[in-house]
Amino acid sequence: MTRGHAVLGRALTAVHLGQARTRSRLTAELGVTRGTTGAVTAELAALGLISVDTRSGGPAATQGRPSHRLAIDPHGPVVLAAQVHVDGFRVAIVGLGGEVVATTAGRRDVPADPADVLGAAVDAGNDLLRASGRHCVGAGLAVPSAVAEPDGTALNPLHVAWPVGAPVRAAFAEQVARAGIDAPCFVGNDVNLGALAEHRHGAGRGATHLLVIATGHRGVGGAFVVGGRLYTGSSGLSMEVGHLTVNPEGRPCHCGNRGCLDVEADPPALLEAAGRVPVPDVPLLRQATDLLRAEHATDPRVRAAADTVVERLATGLGGLVNVLNPDRVVLGGLHRHLLDLDPDRLTALVADRSLWGRGRGVPLVGSTLAHGSLVGAAELAWQPVLDDPLGVLG
C-alpha cells in the first residue's frame, strides 16, 4: 500500500469513528497540510464514502475561514451484517459510522447444517439491499461460538446444533455468492464483535483496555479490546470467560465442569432462581429482562434471584479484573439490566473481589448499542475499505 493510500485510510477511519467532523479537525488528526487534507477529502467524496459541506458553520480553520464539515455519504456503499443466535437470525445493512440502515429478523430452528440458517439470513439481507438501492462492499457474520482462525470454523457452538468445526465462513461465503452478492466475507464470535462495536461506536469509546461481558439468550461471553484491536489469542480462541468457575457446587455446564459463569449468570439461571418456568417461543433474554422490570421491586424471590446472579457475576468479574487490569468494563444483555438496577452494589462487589479494584475502582458501564454484534460484524466487513479505500473501491 502506498503512503497516499494509507493517508486515505487514516482519514476515512477518523470520519468513520467520529473523530473528525470538520476538515480542520481532520488536518490535526492526520498531521498533514490543509492542502493534503483537501485532496484526501475530495478523493473520499469521489469514491462516494463521505460528503463535504462547504457552507459556513464549522469551527474556524487556522486562517479564520470556516472549516468544511465532513459526514458519511448517506447514499454511499453499505455492508451486509448477519447474526445467528439460538432461535434464529438477525440481519442488517450497515453504513460507515456504524449506522444500521435497515434490519430484520427471522425466528427458526438452527439445524446442524450452517447453510440452512445462513441461506435464510442472506436472502433476508439481500431483500434489504435491493430495497436500499445501495452498493454492498462486504459481508460480516457474528456466530455464537469461538471461531478458529485461519479456517473460519466454529470451535464450540454449544447453543446451536452445528457440529464442532463447522465451516461457518465457507458456508456464509457460499450463500452470499449464491445470492449474487459479490463481496468478501468475514466471520467472528458474537461477543467479540459486540465488543469491537462498543469500542468504536458505543460505551467503550476511548478505553485503552476494554473488557466486555455479555449474555445472549443462553450463556455468557467475554471479549477484550486492547489499543483498539480485539485480543483473540494465538488462533482466535481466547476470552472464553463463560467457563470460569464461580460456584464449584453449582449447575452442570456444557463444557463438563460445574458452576461456570455460563450457567450461573445467564437468563435461564435467573429464571430458575426466581422459580419461573421459561415460556416457549419467547426469547429467554426478553423473559429475564421483562421479569426484572416488572417484578424486581415487588417480588422478594425475584430480588433474591437477581442478588444471586449479581454475586456470581461479581466473582467472575473480580477474577477477570485481576488478570486483565482493564480500564473499563462494559456489560451487555442481562448484565446491563442488573447493573442498571443497582450500579453501586455491583461495582462494590467487583472492587471487593479484585486486587486492583480496591485501590482504584474499575468503571462498570452498560452497553449502548441496540445491535452491537451486527455492528461489529459490519466492522469486519468495513475494515478492508478503512485500510485502503482507493485500493478496494477505486
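Condition check ((1) closer than 30 Å to Cys185 by Cβ; (2) in contact (Cβ under 8 Å) with a residue 24 or more places away in the chain; (3) surrounded by fewer than 21 Cβ atoms within 10 Å (Cβ to Cβ); (4) not β-branched (Val, Ile, Thr)) across all residues:
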| site | (1), (2), (3), (4) |
| --- | --- |
| Pro326 | no, yes, no, yes |
| His335 | no, yes, no, yes |
| Asp342 | no, yes, yes, yes |
| Arg345 | no, yes, yes, yes |
| Gly372 | yes, yes, no, yes |
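Taking the conditions (1) touching a residue at least 60 places away in the same chain (Cβ under 8 Å); (2) surrounded by 15 or more Cβ atoms within 10 Å (Cβ to Cβ) in turn, Cys255 satisfies each one other than (2).
With respect to the stated conditions, Val100 is closer than 17 Å to Gly18 by Cβ, touching a strand residue (DSSP E or B) at 6+ places or on another chain (Cβ under 6 Å), modelled with pLDDT of 95 or more and in the same structural domain as Pro389 (by TED's automatic domain parsing). Please identify the pairs in which a residue from the stretch 119-139 that is over 16 Å from Leu380 (Cβ atoms) and assigned by TED's automatic domain parsing to the domain that holds Arg108 has its Cβ atom under 9 Å from the Cβ atom of a residue that is among the polar types (S, T, N, Q) and in a strand (DSSP E or B), counting only partners at least 6 apart or on another chain. Cβ pairs passing all conditions: Ala124/Thr104; Asp127/Thr104; Leu128/Thr103; Leu128/Thr104.
Residue-by-condition table, conditions (1) in a strand (DSSP E or B); (2) in the same structural domain as Asp87 (by TED's automatic domain parsing); (3) at pLDDT 95 or above:
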{"position": "Arg169", "(1), (2), (3)": "no, yes, yes"}
{"position": "Ala173", "(1), (2), (3)": "no, yes, yes"}
{"position": "Ala177", "(1), (2), (3)": "no, yes, yes"}
{"position": "Val187", "(1), (2), (3)": "yes, yes, yes"}
{"position": "Arg218", "(1), (2), (3)": "no, no, no"}
{"position": "Met239", "(1), (2), (3)": "no, no, no"}
{"position": "His254", "(1), (2), (3)": "no, no, no"}
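If you go through the stretch 267-321 and keep only what is of a type in the set (A, V, I, L, M, F, W, C) and surrounded by fewer than 20 Cβ atoms within 10 Å (Cβ to Cβ), you end up with Leu271, Ala273, Val277, Val279, Val282, Ala294, Ala297, Ala304. When each of Val309, Val330, Val323, Val302 is tested for being closer than 26 Å to His209 by Cβ, assigned by TED's automatic domain parsing to the domain that holds Pro267, assigned to a helix (DSSP H, G or I) and at pLDDT 95 or above, the lone residue that passes is Val309.
The values are calculated or read from the model by the stated rules, or taken from the named source; none is laboratory data. Given the structure is predicted, the values throughout are model-derived calculations rather than measurements. Cβ coordinates were reconstructed from backbone atoms using ideal geometry, including for glycine residues, and neighbour counts include every protein chain displayed.
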